[in-house]
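Have a look at the structure below before the remarks.
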Amino acid sequence: MNKVVLLAINAKYVHSSLSVWVIAAGIAKYARKNHDVNVIEATINQEKPDIVELVAKHTPDVIGISSYIWNAGMLPELLSLLRNRLPEALIVLGGPEASNNINFWLENGADHVLQGEGEYCFPQFLDNITEGKQINNENREYPIDTGLPIDTDHSIDHDDAIAAYYPVNNDLPVDTGYHVDTDLPVNPYSSAYLSALNGRLSYIETSRGCPFQCSFCLSAGSGVKYFPLDFVKKQISTLSHANTKTIKFVDRTFNCKTERACEIFQYIIDLDTKCTFHFEVAADLFDERMLSILEAAPQGRIQFEIGLQSFFEPALEAISRKTNMEKAEQNIRALIDMQNIHMHLDLIAGLPYETMFDFIAGFDRAYLTGAHNLQLGFLKLLHGSALREQAADFGLQYSTTPPYEVTSTPWLSSENFQVLKKVENALQHTYNKGRFLSTLHYVFTVTRIKPFVLMHALGESIPNHGTQLEDYALQVYDFFSRLPGVEMNALQDCMVYDWLGMVKGKNAPAFMKNNDDRRKTLAVSAEKLFGRKIKREEFAILNSGIGVFVDSSDRNPVTGLYRVFICG
């Protein structure tokens with residue numbers, strides 16, 4: 001019997017790993033030999049020696065590690081530390097980083113790099129080493145029939161920018177005597193998984209693969225394997241009653257199969273749960289039936305992340321992505337108007353043929369949809385992606401270390417990228433966190449400055465790198481007050497209103513405070529409404545004479561803002 005540690009290294013503590021639990025379930029279901037399996041979840045923020053000790057206390061014979069762009073940078077040193085601490089253990093890597101860059105990892109601490117679907121192949125790997133069979137790195141695939149339907153003839157041709165999550169396998173010789181009966185996928189949600197979840201984000205997979213062709217994505221053109229709906233619903237139900245607040249679907253484009261998506265949406269809407277369900281979707285694939293179903297969703301039950309990537313058609317064509325942009329924008333606005341679904345839009349800077357002018361136009365267009373979050377990301381050339389192979393043809397310059405971000409193109413200079421980084425900084429610390437929203441609206445209205453220009457000016461003037469919120473608010477106020485057309489009292493009123501709605505239990509910065517005698521009358525009104533004493537930081541008199549107070553127990557599940565009342 002092998003003692004096995006499956007190690008996940010997540011980007012943040014709030015994240016959990018699905019891949020290692022899927023593999024653990026695969027070992028339990030498919031291995032012919034007994035193996036003692038322990039799952040460890042660490043984060044990139046932990047000290048490497050501490051991670052090594054977490055592994056070492058199990059004295060493993062085999063250490064399996066999932067590799068991704070967020071942890072690949074720390075893995076060579078970690079592997080070296082593991083080798084020194086546990087010289088007899090086999091170190092086995094899987095995941096998109098290792099499986100698409102095999103020789104590098106074999107030369108940097110890994111004994112084996114596995115490719116394929118880990119829950120099927122990792123058990124065979126363990127059985128083979130237990131039986132003393134020779135292992136090589138010829139990278140052959142097992143001809144495993146999963147028994148699940150695969151859709152390889154899909155007419156739509158686009159996908160989001162994140163690689164498939166699951167770890168991967170196979171460097172073993174073909175064993176024709178080995179058979180896997182996979183009428184159903186493995187169930188990773190064991191009692192051990194649910195116990196380890198501890199309030200973190202949880203993940204669920206209802207399909208695997210992708211029918212689309214985006215050249216920056218590792219899942220491009222792989223076809224889709226759909227898991228049985230009854231099985232999926234049981235897993236959703238299990239997670240909806242587990243110790244988690246947010247359940248993220250890892251399906252590459254969840255709504256690519258309309259009937260199936262509608263059935264799952266309806267099932268989730270009908271659940272008795274307080275969980276939020278997060279989906280990656282394509283905006284142009286929503287039809288009237290799907291929109292009608294979603295309109296009935298409880299506030300905050302559903303979140304959508306939409307990978308627009310760009311509004312510039314030549315850039316989309318260059319990466320083999322097809323999107324009906326007019327329909328996409330129409331559907332995004334329709335979903336936002338429902339006011340019950342949190343909307344997150346993604347743009348990618350650095351795509352072929354897209355100039356700064358083109359990107360700015362797309363940014364402003366995306367911002368003006370009114371989505372709750374606008375992610376400004378940067379093109380990453382992942383190992384194994386078609387676009388990485390085409391980088392020289394397009395003249396794309398990029399970092400050779402994770403996360404392999406593009407640093408310049410023939411259409412965007414390195415200076416342009418620095419400008420975009422400043423825009424990203426301002427966007428992340430204001431709009432995307434629900435901060436100063438009415439203030440931004442006021443400033444846009446009176447100055448006529450467009451979103452990109454304002455965000456760039458803000459990011460250049462106030463580079464926020466760990467600034468306390470009170471100090472940042474003061475700097476934002478000072479910056480906006482110097483813009484043409486901005487009236488000081490109106491600006492202050494907007495910022496006081498925003499402050500009440502976006503924070504809880506924090507005193508406003510000094511420039512927002514006042515000692516108007518009418519505060520007492522306002523406090524009485526608020527206390528009658530709430531049936532409790534109101535704290536000083538929960539109400540204010542605006543320069544306009546209007547009183548405002550916040551119910552810090554009433555937070556909008558879609559926007560994340562607290563409810564602010566206006567008393568004339």
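The values are calculated or read from the model by the stated rules, or taken from the named source; none is laboratory data. This structure is a prediction, so every number in the text was calculated from the model and none was measured. Here the Cβ is made from the backbone with ideal geometry for all residues, glycine too, and neighbour counts use every protein chain on show.
Remarks
- Pairs, first under 16 Å from I9 (Cβ atoms) in the range 22-44, second of a type in the set (S, T, N, Q), C-beta under 6 Å, six or more apart: E41/S17; T43/N10; I44/N71
- Residue count, the range 198-215 (criterion: at pLDDT below 95, assigned to a loop (DSSP other than H, G, I, E, B) and hydrophobic (A, V, I, L, M, F, W, C)): 2
- Residue within the range 506-513 that is within 14 Å of T439 (Cα to Cα), crowded, with 17+ Cβ neighbours inside 10 Å, at pLDDT below 85 and not hydroxyl-bearing (S, T, Y) present: yes
- Residues being farther than 30 Å from V423 by Cα, in contact with a strand residue (DSSP E or B) (Cβ under 6 Å, 6 or more places away or on another chain), among the acidic types (D, E) and surrounded by 15 or more Cβ atoms within 10 Å (Cβ to Cβ) are entirely absent from the range 554-567.
- Residue count for the range 273-310 under the criterion of being of a type in the set (S, T, N, Q) and part of a loop (DSSP other than H, G, I, E, B): the result is 3.
- Criterion: out of contact with any strand residue (DSSP E or B) (no Cβ under 8 Å at 6 or more places or on another chain), surrounded by 19 or more Cβ atoms within 10 Å (Cβ to Cβ) and basic (K, R) - qualifying residue of R448, R435: R435
- Of all residues making up the range 368-399, the number that are more than 20 Å from S320 (Cα to Cα), assigned to a loop (DSSP other than H, G, I, E, B) and in contact with a strand residue (DSSP E or B) (Cβ under 6 Å, 6 or more places away or on another chain): 3
- Scan of the range 386-444 for residues that are of a type in the set (V, I, T) and over 19 Å from F359 (Cβ atoms), ordered by number: T400, T401, T430, T439, V443
- D251 crowded, with 22+ Cβ neighbours inside 10 Å and in a loop (DSSP other than H, G, I, E, B): yes
- Test: T182 is among the hydroxyl-bearing types (S, T, Y) and modelled with pLDDT of 95 or more: no
- From the options A11, A42, residue that is surrounded by 20 or more Cβ atoms within 10 Å (Cβ to Cβ) and either in the same structural domain as S202 (by TED's automatic domain parsing) or on the phi < 0 side of the Ramachandran plot (or both): A42
- Helices (runs of 4 or more DSSP H) lying entirely in the range 56-133 (those with 2 or more residues that are crowded, with 20+ Cβ neighbours inside 10 Å): 75-85, 96-99, 118-130
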